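I have placed the structure first, in the form of structure tokens, so that the comments after it can refer back to it.
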Amino acid sequence: MKSKDMDAPPLSEDELNEIYNWVDSVPLSRPKKHIGRDFADGVLIAEIIQHYVPSIIDIHNYSLAHSVQQKQYNWNTLNAKVFRKMGFQITQKDIDAVIQVIPEAIERILKVIQVKLDMFLEHSEQNQVQKQEKPNEISKNQNQVNHSKSAVNNKQNDKDLVIQDQKETIEILELKIQKLEQLVKLKDSKIQQLTQKLQQAGIK
């Protein structure tokens, strides 16, 4: 999977709340007090990756850091050994912003990681299904593919690139829609609970 540097985009208020809920759902080694400072050394990011994809990360490579140098080491290790396997890398500009605890810097990084995690997991599941095909079916399919490629190889490659780009864009948009729908449901539930409490207290 080819990796590319990604600038983390700004987030809406709903997306920020969704990221906070997502982080709270992952068991971490220390409680979240100030998300910017807590995630500045990259260790909790490593723990999130380990929670979802333990096979691609060695958590022992990352240690609690207070110095800028050690924090940079943790983030550079994540970029080189983990994010690259997932098909992307965080820019140095964004890493510096996280280490300096610039407001909403880590939230933007978390959003990129969340989207890429979902895509990586989906891709891994598809590969697993393909591996389970019978050997003779794989052989037949490969022969058919090779025969077809000999005639339309160049055009097909161009089409595949366009389709892949469009598919990734659609996947990201669908994921955002799903997350926003979950957030709306959560807000509706909280409003209903509050209304019930007010009614029980005799307040109308």
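The values are calculated or read from the model by the stated rules, or taken from the named source; none is laboratory data. Source: prediction; values computed, not measured. With ideal geometry, Cβ positions are generated from the backbone for all residues, glycine too; neighbour counts draw on all protein chains shown. Note: accessible area is taken over every heavy atom of the protein model, side chains too, but ligands, DNA and RNA are not part of it. Shrake-Rupley method; radii C 1.70, N 1.55, O 1.52, S 1.80 Å.
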Looking for something in a helix (DSSP H, G or I), surrounded by 12 or more Cβ atoms within 10 Å (Cβ to Cβ) and modelled with pLDDT under 75 - is there at least one such residue anywhere in the stretch 143-162? yes
First in the stretch 113-125 and of a type outside the set (A, V, I, L, M, F, W, C), second anywhere and assigned to a helix (DSSP H, G or I) and buried (at least 18 other Cβ atoms within 10 Å of the Cβ), Cβ under 6 Å, 6 or more apart: 116/86
Restricting the stretch 16-48 to residues that are touching a Phe, Trp or Tyr at 6+ places or on another chain (Cβ under 8 Å) and of a type in the set (Gly, Ala, Ser), the one nearest to residue 83 (Cα to Cα) turns out to be 46
If you take the residues of the stretch 77-99 that are touching a residue at least 12 places away in the same chain (Cβ under 8 Å) and open to solvent by 60 Å² or more (accessible area, probe 1.4 Å), which of them is farthest from residue 9 (Cα to Cα)? 81
Return the total of residues in the stretch 82-122 being closer than 23 Å to residue 69 by Cβ and outside any helix (DSSP H, G or I). 7
Test residue 27 against the criterion of being within 18 Å of the chain's Cα centre (by Cα) and surrounded by fewer than 13 Cβ atoms within 10 Å (Cβ to Cβ), and give yes or no. yes
Give the residue that is farthest from the chain's Cα centre (by Cα), with candidates limited to residues of the stretch 71-87 that are among the basic types (Lys, Arg) and more than 11 Å from residue 41 (Cβ to Cβ). 81
Could you please let me know if residue 58 is among the charged types (D, E, K, R), farther than 15 Å from residue 37 by Cβ and crowded, with 19+ Cβ neighbours inside 10 Å? no
Quick one: would you say residue 19 is open to solvent by less than 70 Å² (accessible area, probe 1.4 Å), over 22 Å from residue 76 (Cα atoms) and among the hydrophobic types (A, V, I, L, M, F, W, C)? yes
Checked the stretch 14-38 for anything among the aliphatic types (A, V, I, L, M) and either farther than 20 Å from residue 190 by Cβ or free of Cβ contacts under 8 Å to residues at least 12 places away in the same chain (or both); matches are 26, 28, 35
Which of the residues spanning the stretch 182-204 are at pLDDT 75 or above, open to solvent by 100 Å² or more (accessible area, probe 1.4 Å) and charged (D, E, K, R)? 185, 190, 197
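This table checks each residue for (1) under 18 Å from the mean Cα position of the chain (by Cα); (2) at pLDDT 95 or above; (3) surrounded by fewer than 17 Cβ atoms within 10 Å (Cβ to Cβ); (4) under 29 Å from residue 177 (Cα atoms).
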{"site": "1", "(1), (2), (3), (4)": "yes, no, yes, yes"}
{"site": "15", "(1), (2), (3), (4)": "yes, no, no, yes"}
{"site": "44", "(1), (2), (3), (4)": "yes, yes, no, yes"}
{"site": "64", "(1), (2), (3), (4)": "no, no, yes, no"}
{"site": "69", "(1), (2), (3), (4)": "no, yes, yes, no"}
{"site": "103", "(1), (2), (3), (4)": "no, no, yes, yes"}
Find all pairs meeting these conditions: Cβ atoms under 9 angstrom apart; at least six residues apart or on different chains; first residue within the stretch 39-50 and in a helix (DSSP H, G or I); second residue at pLDDT below 95 and among the basic types (Lys, Arg). 43/30; 44/30; 44/32
